[in-house]
Amino acid sequence: MSLTVLNAIIAVVIAIGFAALNAAYLVWAERRGAGRIQRRPGPNVNGPLGLLQPLADGAKLMTKQLMIPGGADKALFMVAPVLAMAPAIMSFVTIPFSDVIVAKSMDVGVLMIFAFASLGSMSILFAGWSSRNKYGVMASVRAVSQAISYEVPMLITVITIVMMTGSMNLHDLAVSQAGGFWHWNIIPSLASPLMPVSFLIFFICSLAETNRAPFDLGEAESELVAGFHTEYGSMGFGLFFMGEYANIVIGASLITILFLGGWGCPFGLFPSVFWFLLKIYLLIATFIWIRWTFPRTTIYGLLNLSWKILIPISLFNLLLTAGLLKVF
Amino acid sequence: MGAYFSEIFRGLQSLAIGMGITFREFFKPVVTVSYPMETLKMSARYRGHIELVEDEKGQPKCVACGMCQRACPSGCISLASESVEYEVEEKGETKTKKKKVLTKYNLNFTTCSLCGQCVENCSFGAIDFSKEYNLASSRKEDFHFDLLQRLKERNS
């Protein structure tokens with residue numbers, strides 16, 4: 001076995017471990033945060049501060065029977081949860097956590113992450129379609145239309161940034177913002193005066209892409225039972241859950257790299273992985289905060305927001321930046 | 001065009017207000033009472049099932065007049081008494097007097113509607129509402145309370 005293959009395997013194992021640990025403890029953080037916002041304690045019985053709750057949840061999920069509903073498309077039904085988790089793990093490979101901590105620095109890193117992210121909606125489509133459940137089908141139709149409409153403004157925003165930096169390598173994108181927060185992409189510059197708006201658009205789109213509230217129409221309990229994973233129990237459901245949280249971590253990492261200077265310190269001192277982790281967990285805390293603040297939107301509101309507001313504004317921003325880059 | 005942008009700005013503003021509210025709630029103290037470990041103090045006017053009131057000697061204040069039994073619309077109170085002779089010093093001479101002493105006071109809580117007519121009708125303040133609310137059982141007999149027995153247990 002050559003050294004590069006071994007490297008790749010180690011990177012994937014670390015990525016799986018990081019994703020699983022994050023998924024477990026983000027669920028805990030989510031429930032504790034929800035509790036605090038609603039002025040209740042949240043899970044606090046298992047272990048100090050309820051820190052052993054993810055273990056209890058995991059034991060419960062793994063010991064449950066794996067049911068396949070009658071009439072389901074068995075192959076797709078089994079593939080869907082794996083497909084929810086695998087792209088998320090793959091995306092970790094190219095994300096630079098610091099100047100040196102990156103599994104594989106790729107010149108098309110941005111492209112690769114978005115290619116894998118779009119596979120995520122395939123898993124939702126498979127899950128809803130194969131489980132032979134009307135709620136599942138409706139939820140997957142919604143989730144796919146949502147994914148299509150939000151990938152457009154997201155990618156337009158990314159094109160704007162790639163245009164400014166001139167690179168699709170995530171490492172280069174982060175390095176171009178090194179040295180203090182005034183170099184970050186979120187701060188408007190002469191060539192791109194609408195950058196805070198871009199940040200907001202990208203933030204909203206990553207909420208929608210990860211199927212988070214208030215855009216979690218794929219699993220709207222009040223109308224669709226549990227949405228696309230209605231028929232999933234046991235670890236099948238667990239994998240969907242882990243995939244969702246891994247996607248959240250990737251979304252936060254992307255926002256950090258594209259807009260918030262990656263691993264750079266806000267004051268230009270000691271750039272390191274700690275700044276990166278601090279930024280992504282602050283973003284994730286904001287995701288949780290948003291989830292427990294806003295009620296779920298309707299499907300029309302969701303699509304209107306994308307096609308009538310986000311896409312025109314991001315297109316305008318793209319053209320404006322392109323023009324100004326020529327001028328300056 | 002103006003309406004389009006003002007709608008966006010008003011929307012964003014309302015979102016920010018909502019997030020401000022949840023941010024403030026986050027730091028407020030938790031209001032949950034972890035029930036079996038912690039309990040709330042019941043309010044003074046809480047009406048649980050009835051309980052006998054004791055006098056300063058620890059005996060029931062009840063004189064076994066039976067008003068409560070008669071007032072009860074559900075017929076869930078049953079009491080019994082016996083006459084006891086006792087001696088008192090009165091104007092230098094010893095007299096023998098009779099009084100009724102309560103020997104049994106049963107409450108059938110399965111039919112009680114907690115209307116409080118018994119407490120209203122008691123002229124001696126001998127019964128009162130308890131603050132007991134942890135009442136759950138799979139057996140009917142557990143709700144046939146012997147209030148005299150409960151009084152003794154309270155005093156012991």
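So residue B:22 fits all but one of (1) at the interface with another protein chain (Cβ under 10 Å from one of its Cβ atoms); (2) polar (S, T, N, Q); (3) over 30 Å from residue A:307 (Cβ atoms); what number is the exception?
Every listed condition holds for residue B:22 apart from (3).
Quick test for you: out of A:131, A:145, A:149, pick the one residue that is among the polar types (S, T, N, Q) and either buried (at least 21 other Cβ atoms within 10 Å of the Cβ) or touching an Asp or Glu at 6+ places or on another chain (Cβ under 8 Å) (or both).
A:131
For residue B:139, work out the one condition from (1) charged (D, E, K, R); (2) under 30 Å from residue B:35 (Cα atoms); (3) within 18 Å of the chain's Cα centre (by Cα) it doesn't fulfil.
(3)
When you go through A:152, A:137, A:110 one by one, which is the residue that is closer than 23 Å to residue A:308 by Cβ and part of a helix (DSSP H, G or I)?
One residue alone meets the criteria, A:152.
Determine whether region A:16-26 contains at least one residue that is without any contact (Cβ under 8 Å) to a residue 24 or more places away in the chain, among the small types (Gly, Ala, Ser) and out of contact with any Gly (no Cβ under 9 Å at 6 or more places or on another chain).
yes
Take the residues in region A:299-326 that are in contact (Cβ under 8 Å) with a residue 12 or more places away in the chain and of a type in the set (Val, Ile, Thr), then tell me which one is farthest from residue A:217 (Cα to Cα).
A:321
Is region A:200-209 home to any residue that is farther than 28 Å from residue A:83 by Cβ, surrounded by fewer than 18 Cβ atoms within 10 Å (Cβ to Cβ) and not basic (Lys, Arg)?
Step one: of region A:200-209, the residues farther than 28 Å from residue A:83 by Cβ are A:200.
Next cut, surrounded by fewer than 18 Cβ atoms within 10 Å (Cβ to Cβ) only: A:200.
From what is left, the residues that are not basic (Lys, Arg) are A:200.
Looking for residues that are farther than 28 Å from residue A:83 by Cβ, surrounded by fewer than 18 Cβ atoms within 10 Å (Cβ to Cβ) and not basic (Lys, Arg), one finds at least one in region A:200-209, hence yes.
For every residue, the table says whether it meets (1) surrounded by 12 or more Cβ atoms within 10 Å (Cβ to Cβ); (2) within 14 Å of chain B (Cβ to nearest Cβ); (3) aliphatic (A, V, I, L, M).
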residue: A:7; (1), (2), (3): yes, no, no
residue: A:30; (1), (2), (3): yes, yes, no
residue: A:53; (1), (2), (3): yes, no, no
residue: A:67; (1), (2), (3): yes, no, yes
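For region A:85-101, does any single residue satisfy the condition of being over 30 Å from residue A:265 (Cβ atoms), more than 14 Å from chain B (Cβ to nearest Cβ) and touching a helix residue (DSSP H, G or I) at 6+ places or on another chain (Cβ under 7 Å)? Step through it out loud before you land on a result.
Keep residues of region A:85-101 that are over 30 Å from residue A:265 (Cβ atoms), which gives A:85-87.
Subsequent filtering for residues that are more than 14 Å from chain B (Cβ to nearest Cβ) retains A:85-87.
Subset that is touching a helix residue (DSSP H, G or I) at 6+ places or on another chain (Cβ under 7 Å): A:85, A:87.
The answer is yes; a qualifying residue exists.
Is there a residue in region B:78-101 that is among the hydroxyl-bearing types (Ser, Thr, Tyr), part of a loop (DSSP other than H, G, I, E, B) and either within 14 Å of another protein chain (Cβ to nearest Cβ) or surrounded by 14 or more Cβ atoms within 10 Å (Cβ to Cβ) (or both)?
no
Test residue A:96 against the stated conditions and say whether it is within 28 Å of residue A:29 (Cα to Cα) and assigned to a helix (DSSP H, G or I).
So residue A:96 fails the test.
Could you list, in sequence order, all residues of region A:48-87 that are in a loop (DSSP other than H, G, I, E, B) and not acidic (Asp, Glu)?
Residues satisfying the conditions are A:51, A:52, A:64, A:65, A:66, A:67, A:68, A:69, A:70, A:71, A:72.
Quick check on region A:239-256. Is at least one of its residues more than 19 Å from the chain's Cα centre (by Cα), of a type in the set (A, V, I, L, M) and in a helix (DSSP H, G or I)?
The answer is no; no qualifying residue exists.
If you take the residues of region B:25-47 that are among the charged types (D, E, K, R) and more than 10 Å from chain A (Cβ to nearest Cβ), which of them is surrounded by the most Cβ atoms within 10 Å (Cβ to Cβ)?
If we take residues in region B:25-47 being among the charged types (D, E, K, R) and more than 10 Å from chain A (Cβ to nearest Cβ), then B:47 is surrounded by the most Cβ atoms within 10 Å (Cβ to Cβ).
In region A:152-194, how many are surrounded by 20 or more Cβ atoms within 10 Å (Cβ to Cβ) and free of Cβ contacts under 8 Å to residues at least 12 places away in the same chain?
Count: 0.
For region A:269-307, enumerate the residues that are away from chain B (no Cβ under 14 Å), surrounded by 19 or more Cβ atoms within 10 Å (Cβ to Cβ) and not hydrophobic (A, V, I, L, M, F, W, C).
A:271, A:279
Report yes if residue A:123 is crowded, with 24+ Cβ neighbours inside 10 Å, in contact with a Leu (Cβ under 6 Å, 6 or more places away or on another chain) and modelled with pLDDT of 85 or more, otherwise no.
Spelling it out, residue A:123 is indeed crowded, with 24+ Cβ neighbours inside 10 Å, in contact with a Leu (Cβ under 6 Å, 6 or more places away or on another chain) and modelled with pLDDT of 85 or more.
When you go through (1) more than 24 Å from residue A:278 (Cα to Cα); (2) in contact (Cβ under 8 Å) with a residue 24 or more places away in the chain; (3) over 17 Å from the mean Cα position of the chain (by Cα) one by one for residue A:83, which number turns out not to apply?
(3)
Restricting the first residue to region A:63-75 and requiring it to be under 12 Å from residue A:232 (Cβ atoms), which pairs with a second residue that is modelled with pLDDT of 80 or more and surrounded by fewer than 12 Cβ atoms within 10 Å (Cβ to Cβ) meet a Cβ separation below 7 Å and a spacing of at least six or different chains?
So the pair list comes out as A:68/A:74.
Considering only region B:53-66, I want to know if a residue exists there that is at pLDDT 80 or above, among the acidic types (Asp, Glu) and touching a Leu at 6+ places or on another chain (Cβ under 9 Å).
Restricting attention to region B:53-66, the residues satisfying the condition of being at pLDDT 80 or above are B:53-57, B:59-66.
Retained after the next criterion (residues that are among the acidic types (Asp, Glu)): B:54-56.
Subsequent filtering for residues that are touching a Leu at 6+ places or on another chain (Cβ under 9 Å) retains B:54.
So far as region B:53-66 goes, yes, one or more of its residues are at pLDDT 80 or above, among the acidic types (Asp, Glu) and touching a Leu at 6+ places or on another chain (Cβ under 9 Å).
So how many residues does region A:173-231 have that are in a helix (DSSP H, G or I) and not β-branched (Val, Ile, Thr)?
Of the residues in region A:173-231, 27 are in a helix (DSSP H, G or I) and not β-branched (Val, Ile, Thr).
Tell me yes or no: at least one residue of region B:80-101 is in contact with a Cys (Cβ under 7 Å, 6 or more places away or on another chain) and under 22 Å from residue B:118 (Cα atoms).
For region B:80-101, residues in contact with a Cys (Cβ under 7 Å, 6 or more places away or on another chain) and under 22 Å from residue B:118 (Cα atoms): absent.
Go through (1) away from every other protein chain (no Cβ under 14 Å); (2) surrounded by fewer than 16 Cβ atoms within 10 Å (Cβ to Cβ); (3) not in a helix (DSSP H, G or I) one by one and return the number of the condition residue B:65 breaks.
(2)
The values are calculated or read from the model by the stated rules, or taken from the named source; none is laboratory data. Nothing here was measured: the structure is a model prediction, and the numbers come from that model. Heads up, the Cβs are rebuilt from the backbone with ideal geometry, glycines too, and the neighbour counts pull from every protein chain shown.
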